[in-house]
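Below is one structure, written out as structure tokens; the observations come after it.
The values are calculated or read from the model by the stated rules, or taken from the named source; none is laboratory data. Just so you know, these numbers come straight off a predicted model, no measurement behind them. Note: accessible area is taken over every heavy atom of the protein model, side chains too, but ligands, DNA and RNA are not part of it. Shrake-Rupley method; radii C 1.70, N 1.55, O 1.52, S 1.80 Å.
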Amino acid sequence: MVRRWVKDVKTVSTFPPEHMFDQPAEEIAKTMADPKVSPKGLGSAIRMVQYFINRGGKGLSAKRQRELEKAKKLLQERREKETDGKKKKPPAKKRPAKKKAKKKEKKRASNR
């Protein structure tokens, strides 16, 4: 008995056409990068390809798995190119540890 788990997958972030994952890597990456297929962006496209790889598991041939990994890498490279020009968020400022220790100490003293 062959399981057809893929046809039962329901998603709201990506809408891949039927038999899309049977295509060459370049075609998969091109299709998944389309805003009509992945309206939430390239991150969703990458996760969907990874999901397909994970769920396919041992059922995927080595050749198919290589193609899917290649498609994922193409999508990651494309996302990296798109985010290079954008400013990255600065890291959040951390409070000094001493203040926390003093507050705890005051609290303990007041509870005595």
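For the pairs Lys36/Lys70; Lys30/Lys93; Lys40/Lys70; Lys36/Lys81; Lys40/Lys94; Lys40/Lys73, flag any whose C-alpha to C-alpha distance is greater than 29 Å.
Lys30/Lys93; Lys40/Lys94
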Worksheet, complete the sentence: Amide H contacts under 5 Å for Ser38, restricted to residues at least 5 apart in sequence or on another chain and with H modeled in the peptide plane, are Phe15
Discussion item. Taking 0.36 nm per residue of sequence separation and subtracting the Cα-Cα distance, how much length would be gained by fully extending the chain between His19 and Arg64, in nm to one decimal?
Written reply: 14.9 nm
Worksheet item: How would Ser44, Ser61 rank on accessible area, largest to smallest, probe 1.4 Å?
Response: Ser61, Ser44
Worksheet item: So how much accessible area does Arg78 have, in Å² to the nearest 10, using a 1.4 Å probe?
Response: 110
